[in-house]
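Just so it is clear, none of the values below were taken in a lab; they were calculated from the coordinates. Note that the coordinates shown come from a computational prediction; the quantities given were computed from them, not determined experimentally. So basically every Cβ, Gly included, is an ideal-geometry build from the backbone, and we count neighbours across all protein chains shown.
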Amino acid sequence: MAAPDPDSPIERVEIPVDTRAPGGTTNAYLAAGLLVDPAARTGALDAAVGVGGAGDDETGDDETGDDETGGTAIDAIAVTHTHPDHVGAVAEYADLTGAPVFAHAAHVDRFVAATGLEPDGTYRDGDRVGDTTVRAVETSGHASDHVAFAVAGGGARDDEREGGGRALLCGDLAVAEGSVVVGAPDGDLREYLDSLERVREARYDRLHPGHGPAIDDPEAVCRRLIDHRLDRERAVLDAVEAGASDVEGAVDAAYEKDLTGVADLARATVVAHLEKLLAEGRIGREWAARIDGETTGE
Ligand SMILES: [Zn+2]
């Protein structure tokens, strides 16, 4: 765990989760009064938000920094997206703190289904979240409802660029090491690449991902993630051009490693690539039927 950054008003609390999240944890953040991605209730997060006898809990010391005064006031709660490893304790912390909960205006139904809560308010791209100074930055791709949150003063420098902030709570858009899943049907590779490009061009000083450590070189990491996708796309296109005639064949040809335990993710990833290639007219229309049935449902 990295020490709290004295230049950053952003506090990270690692939350153990049951899913296949990278490293088995999701990062919840507190930034400018906004609680983001409370994945589960923990003593450390209680302490960070100032509820539930935070003073008796010794386990969260390194996550909770130097705040010994009863925690940080919460003005709003939001999530980067509604995958299960990001939403688990939204309702609980809304109840514990009394803070209003905000959802993307275009994805309220999905938010309600995932959290069991009707949001108190909504935001759209570029809006401030509730009364906080944090702004939503639409970054769909990993999930269709994915947003990031730009935090003013969240980096070392202070100037006016996209989002009005220098740090970005980037959810599952990016990770410092490895890559994130962008799989059909919920993931959309074209949107994902556009989102990475948008964030790269906005030149944030630092990205704070949903999993793993902070990203101090957003330009290089966005570039690496874009290149990784384009490499995979090349492998899928090569597989099709070499004669793969169904999704199975494309998966086998595009991945050279053992897929035990991740075969479903590999398949969803390959289908997302095939959807992009099809939309761009780079593979034949016959692939529409071959990937149909992979692309329906949630
Ligand atoms: Zn996710």
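Below is a table of values for the structure above.
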read-out: Pairwise label distance in nanometres, Glu219 with Ala288, each label 7 Å out on the Cα-Cβ vector; value: 4.2 nm
read-out: Total formal charge among the other residues, if their Cβ is under 12 angstrom from that of Pro209, Lys/Arg +1 and Asp/Glu -1; value: -3
read-out: In Hz, Karplus ³J(HN,Hα) per residue of the range 260-272 (6.51, -1.76, 1.60; θ = phi - 60°; x = Gly, Pro); value: 3, x, 10, 4, 5, 5, 4, 5, 4, 5, 5, 4, 4
read-out: FRET efficiency, 1/(1 + (r/R0)^6) with R0 41 Å, evaluated for Val112 and Asp231 via beta carbons; value: 0.60
read-out: Sites Thr19 and Asp246 - FRET efficiency at Förster radius 25 Å, r taken between beta-carbons, to 0.05; value: 0.30
read-out: Rounded Å value of the spacing that divides the Cα centres of the range 25-52 and the range 258-284; value: 35 Å
read-out: R0 of 25 Å, Cβ-Cβ distance Asp131-Arg41: FRET efficiency to nearest 0.05; value: 0.55
read-out: Dipole axis of the range 229-291 (+1 Lys, Arg; -1 Asp, Glu on Cβ), positive-most option in Ala235, Thr269, Gly281; value: Gly281
read-out: Cut-off 10 Å between beta-carbons: net charge of the residues surrounding Gly130, Lys and Arg +1, Asp and Glu -1; value: -3
read-out: Rg/Rg_globular for the range 229-291, with Rg_globular taken as 2.2 N^0.38 Å and Rg from C-alpha atoms; value: 1.01
